[in-house]
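Please treat every number below as a calculation from the coordinates, not as lab data. From a predicted model like this one, the values you see are computed outputs, not experimental measurements. Quick reminder, even Gly has a Cβ in these numbers, built from the backbone with ideal geometry, and neighbours come from all protein chains shown.
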Protein chains: 2
Amino acid sequence: MSKGEFDLIETYFAPLAAAEPGSLNLKDDAAVLRFGQGRETVVTTDCLVSGVHFLPDDPPETLAAKLIGVNFSDLASMGATPRFFTIAAAFPRTLDEEWVRRFAEGIKGSQARFGGVLVGGDTVSTDGAMTLTLTAFGEVPEGTAIKRSGAKPGDALFVTGVIGDAYAGLRLLQGGYDHLPASDKDYLTERYRKPSPQLEIGDMVRGIASAMIDVSDGLAADLGHLCEASGVGGVVDSKAVPLSSAVAKLLAEHHLTYEEILTGGDDYELLFSVPANKINDLEAVRLSFETPISRIGTAKESREVIFKDGNIRLDLDKTGYQHF
Amino acid sequence: MSKGEFDLIETYFAPLAAAEPGSLNLKDDAAVLRFGQGRETVVTTDCLVSGVHFLPDDPPETLAAKLIGVNFSDLASMGATPRFFTIAAAFPRTLDEEWVRRFAEGIKGSQARFGGVLVGGDTVSTDGAMTLTLTAFGEVPEGTAIKRSGAKPGDALFVTGVIGDAYAGLRLLQGGYDHLPASDKDYLTERYRKPSPQLEIGDMVRGIASAMIDVSDGLAADLGHLCEASGVGGVVDSKAVPLSSAVAKLLAEHHLTYEEILTGGDDYELLFSVPANKINDLEAVRLSFETPISRIGTAKESREVIFKDGNIRLDLDKTGYQHF
């Protein structure tokens, strides 16, 4: 790259920080930030490695959206609202400046869509795979963050949006599903490349959800994490798991199994439990969103998570899935 | 590695987070933190890539110390006190568990020495170079963070500790300086591998220093950054730049030049400006530290930084050094 680190930052990244004076225009040793009174700061960090978490030829705009999306999804899963973020980027030496310009465009788009301002970062060179780390800072009113650990036996289990799109999108980008119509291909690719963190729903279910997690490792694994942290088990009706028409079609045509849908990752939807006395409150929330919020099962007093009709059982005392 | 991500975190990293309940034992999607009332949060992130920022055979304990040290040095340069940090680690697949255990030991040592608690992170695999990103959160009383931009013409320029050790330590690890006694070799190696962020001095000069930066890119470059941000120039007496006896010896023997000392990086000392009416306050601070705090020059109304007897001049309107 012809431009050095300081020039790249000044040209492409400093404009993204302009909305927050505490970023000091990315020109100082650190940012100086104020968080609101009576609020707690919610912090998460996620690292994406080329060839592991994204495809080397993913467009820079959607890669930026993914980097922000996966981290903001962690904020959403705590019920938090994004305020700030930092990005540390290890760029291959061979990267061209146009790539960086487009990556910055992607950040700008996500900032406009979800809020949160870039306040710091580090740009270094690597001879290895591109490695991008984002650290996100959100806020919640004190004591209201939704943890994984609050589910009780009998709580209803809900999931936002649809499940399995990102897995199908990845399979498609790896050369599968050539028979799909272009509109389905575009939809699934977009869902894989550009997750939409469910920040508004996460914000609205504070005080309603007893436990929440985002679906990043796969619905089965993440329900396992939530149950494990809460000391409960669960039963899910696999047929109640909401699917897009594209994934439903692939399932009907036997191009995709329930097992793949339930264990595939990267959907970045929210999975949460709701006690019986809060179900009416949740109904009000459901009505205010176009995004479906679907009941998929119930938390149980057990040490296993069973997906009925999905051929998956998770024994929480053992690692991994059992198939039956 | 035989252990998966979750086991590694539970075994080696969760114990480091135990002191902060808001870390949720590294088991949730995010940490939930409270910052003090009437305080500002100071945030910095630095990324270290194997083969670029550290040597592939650096011991894991000192690498952890370096990762924390370089970030805490940025906090020190704002006058901030460390509170929390997150680490995102892209580990090569071939790394063994013992390496991770020793790396966690190093984190523990730095936490004990400097304060600050691990509150979150991400552990992923890479086929490329090990890439470690730390994001550090410090605090300062509201409105007291020391920026790079406050120096005025006439302010005295000070530096903490000694300069050039890290550069000499790197040269030594790359096979140079074989003639040095073992004690000098150990000292210089340690200084390269394990920077000591000057947090206490940084904290004490709030209200005294008009501008501050940490010396990471080299004394000349970082004084350039400080002058640039402050809109001043500077004159430095190179012979007043404090040296360790090991570096002084290398300089006297012509194994090292002033130019190398002034442009070599990684010392992680503090460089700051002090107005005339605060010099007495600084004297009181100097008396309370064993670490030398040395006056090396004066800020000037000009667009250049001159190192007298160091053969370096920085023209702030151009990039890089001019030699004369």
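Listing for the model above:
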{"read-out": "Mean ellipticity per residue at 222 nm, deg cm²/dmol - from DSSP H runs of n ≥ 4 across chain A, formula -39500 (n - 2.57)", "value": "-9000 deg cm²/dmol"}
{"read-out": "Candidate aspartates and glutamates for bridging to residue A:278, where Cα separation is under 12 Å - those fewer than 8 sequence places away on the same chain excluded", "value": "A:155"}
{"read-out": "Whole-angstrom gap from the range A:161-220 to the range B:1-67, using each part's C-alpha centre", "value": "29"}
{"read-out": "Nonlocal amide H pairs with residue A:117, under 5 Å, H built at 1.01 Å", "value": "A:84, A:85"}
{"read-out": "Angle between chain B longest axis and helix B:182-193 axis [Cα atoms, degrees, rounded to 10]", "value": "70"}
{"read-out": "Percentage relative contact order, chain B, counting C-alpha pairs under 8 Å, at least six apart", "value": "22"}
{"read-out": "Loop trypsin sites (Lys or Arg not before Pro), the range A:64-148, which have at most 10 other Cβ atoms in a 10 Å radius of their Cβ (DSSP)", "value": "A:93"}
{"read-out": "Binned Cα-Cα distances of the protein assembly as shown, short to long, each 10 Å bin given as a whole percent", "value": "3, 16, 25, 25, 16, 9, 5, 1, 0"}
{"read-out": "Summed side-chain charge close to residue A:4 - residues other than residue A:4 whose Cβ falls under 13 Å, Lys, Arg +1, Asp, Glu -1", "value": "-3"}
{"read-out": "Cα-Cα over 25 Å, subset of A:108/B:27; A:27/A:108; A:185/A:308", "value": "A:108/B:27; A:185/A:308"}
{"read-out": "Residues whose placed amide H lies under 5 Å from that of residue A:123, excluding near-sequence neighbours", "value": "A:89"}
{"read-out": "Phi-based couplings in Hz for the range B:197-212 (Karplus 6.51, -1.76, 1.60; Gly and Pro marked x)", "value": "x, 8, 5, 5, 5, x, 5, 6, 8, 4, x, 10, 6, 8, 7, 8"}
{"read-out": "Gained length - residue B:95 relative to residue B:257, 0.36 nm times residue gap less alpha-carbon distance", "value": "54.5 nm"}
{"read-out": "Residue B:245-residue B:113 FRET efficiency (beta carbon distance; Förster radius 30 Å; 0.05 resolution)", "value": "0.80"}
{"read-out": "Average other protein chain Cβ within 10 Å of Cβ, residues B:115-126", "value": "4"}
{"read-out": "Acute angle (nearest 10 degrees) that the helix B:60-77 long axis makes with the longest principal axis of chain B, alpha-carbon atoms", "value": "50"}
{"read-out": "14 Å beta-carbon shell around residue A:154, net charge (K/R +1, D/E -1)", "value": "+2"}
{"read-out": "Peptide-level mean, for B:66-79, of C-beta atoms on other protein chains within 10 Å", "value": "2"}
{"read-out": "GNM top mover of B:34, B:171, B:303 - chain B, alpha-carbon springs below 10 Å", "value": "B:34"}
{"read-out": "Computed Rg/Rh of the range A:5-141, alpha carbon atoms with Kirkwood Rh", "value": "0.96"}
{"read-out": "Net lengthening on full extension, residue A:183/residue A:19 (0.36 nm per residue, minus Cα-Cα)", "value": "55.4 nm"}
{"read-out": "Residues of type aspartates and glutamates that residue A:3 reaches as a straight line, Cα spacing below 14 Å, ignoring anything fewer than 8 places off in the same chain", "value": "A:96, A:97, A:98"}
{"read-out": "The range B:156-323: relative contact order as a whole-number percent, Cα under 8 Å and 6+ apart", "value": "39"}
{"read-out": "Assigned charges on the beta-carbon of Lys, Arg, Asp, Glu; chain B dipole about Cα centre (debye)", "value": "640"}
{"read-out": "Inter-chain Cβ neighbour average for residues B:130-139, partner chain, 10 Å", "value": "6"}
{"read-out": "Neighbourhood net charge (14 Å Cβ-Cβ; Lys/Arg +1, Asp/Glu -1) for residue A:123", "value": "-3"}
{"read-out": "Cut-off 14 Å (backbone N to label point 7 Å along Cα→Cβ of residue B:302), residues of the range B:209-224", "value": "B:224"}
{"read-out": "Isotropically averaged projected area of the range B:148-272, using the convex hull of Cα atoms (one quarter of hull area), nm²", "value": "7.4"}
{"read-out": "Ranked A:86, B:81, criterion: other C-beta atoms within 10 Å, fewest first", "value": "B:81, A:86"}
